[in-house]
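Read-outs: derived from the displayed coordinates by stated rules, not from any lab. Quantities reported herein were computed from a predicted structural model and do not represent experimental measurements. As a convention, Cβ positions derive from the backbone with ideal geometry for all residues, glycine included, and neighbour counts pool all protein chains shown.
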Amino acid sequence: MLYNTFPWLVKHFPGPHRGVFTLTRRVLSYIEERVEEHRVDHDPSLPRDYIDCFLTEMLKNEAPESRFDIENLSVCTLDLFVAGTETTTTTLHWGLLFMTYYPDIQKKVHAELDTVVGSSRQPSMSDRDSTPYTYAVIQETQRMGNILPLNIARVTTRETHIGKYTLPKGTVVMATLNSVLRDETMWETPHSFNPQHFLDQDGQARKREAFLPFSAGLLTCIFEFMKNN
């Protein structure tokens, strides 16, 4: 985290962080091999995954200034693995902890899943609207877990005005998500695990303006975009 925040400084220090570059290169090599395999039998009309979709966009954007190229595809695929693996794992750890600490909530989730999904199949995204309590528990886990309180640093692309402050172009900005996820003016019980935060009076799921587990601004998390589309 220190390297990601202060690369211009930490890159001069010795330490295990230097080994990350070698490991990253190995993972990128693996991804590049998978990309080449996809290119062999790529069919734009039958996309199988993210790599196929990106390859299709490459065919549509062949201009020299286009960023749809093999290098960018490999790096973006790596980002998906790194971001998705670590964040999902940590969120699951928090979820298991909360379910252990709140057995009554665990029983309600279990009962809802037994009723809607049963034991003969795996749950799917199509079950989300039919399992509002489970969905509320997942969102409350993200709110209380707050696994990336500062998220990833952003940089202003132009001079920006926020209230009475002026941020020059190139300013590093870090959103303190904790100030929103635990805002006492926005949540009924901000410091307690309470799935009711995400349920209306009829027990149906509701959206909350102060729920920002994937950072703030136009560039949030790609998984948030995928979830809502």
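A simple rule links phi to the HN-Hα coupling: the Karplus curve 6.51 cos²θ - 1.76 cosθ + 1.60 with θ = phi - 60°, which for region 9-22 gives 9, 5, 5, 8, 8, x, x, x, 4, 5, x, 4, 5, 5 Hz, with x for Gly and Pro.
With springs connecting C-alpha atoms under 10 Å apart, model the chain as a Gaussian network and identify which of D49, D129, D104 has the largest mean-square fluctuation. Looking only at D49, D129, D104, the biggest GNM fluctuation is shown by D49. Which residues make up the longest stretch of the chain that has no trypsin sites (Lys or Arg not before Pro) in a DSSP loop with at most 16 other Cβ atoms within 10 Å? In the chain, the maximal stretch lacking such sites is 68-120. Note on region 86-167: Kirkwood radius taken over Cα pairs, Stokes-Einstein applied at 20 °C and 1.002 mPa s, translational D equal to 138 µm² s⁻¹. Each Lys and Arg contributes +1 and each Asp and Glu -1, all at the Cβ; summed about the Cα centre of region 38-149, the dipole is approximately 480 debye.
Judged by the ratio a/c of the largest to the smallest principal axis of the C-alpha gyration tensor, region 1-135 counts as oblate, that ratio being 1.5 or greater while a/b is no larger than b/c. Dipole check for region 1-102: with +1 at the C-beta of Lys and Arg, -1 at the C-beta of Asp and Glu, and the Cα centre as origin, the magnitude is about 620 Debye. Spatially close Lys pairs in the chain, defined by Cα atoms under 29 Å apart and a spacing of eight or more places or different chains, total 7. Note that region 175-185 has calculated 3J(HN,Hα) couplings of 7, 8, 5, 4, 5, 9, 5, 10, 5, 5, 8 Hz, one per residue in order, obtained from phi through the Karplus relation 6.51 cos²θ - 1.76 cosθ + 1.60 (θ = phi - 60°); glycine and proline are x. Remark: the Cα gyration tensor places region 144-193 in the oblate category, a/c being 1.5 or greater and a/b not exceeding b/c.
When the helices of the chain are scored as -39500 (n - 2.57) per DSSP H run of n ≥ 4 and the total is divided over every residue, the value at 222 nm lands at -15000 deg cm²/dmol. Please identify, among D127, D41, D200, the residue showing maximal mean-square fluctuation in a Gaussian network model of the chain using a 10 angstrom Cα cutoff. The residue with the greatest mean-square fluctuation here is D41. Remark: region 33-47, residue by residue, has Karplus-estimated 3J(HN,Hα) of 5, 5, 5, 4, 4, 5, 5, 4, 10, 5, 10, x, 7, 9, x Hz, where x stands for each Gly or Pro and the curve is 6.51 cos²θ - 1.76 cosθ + 1.60 at θ = phi - 60°.
Sorted largest first, the spans of the alpha carbon positions of the chain along the three principal axes are 55, 52, 36 Å.
Rounded to the nearest 20, the size of the Cβ-charge dipole of the chain about its Cα centre is 800 debye, with Lys and Arg at +1 and Asp and Glu at -1.
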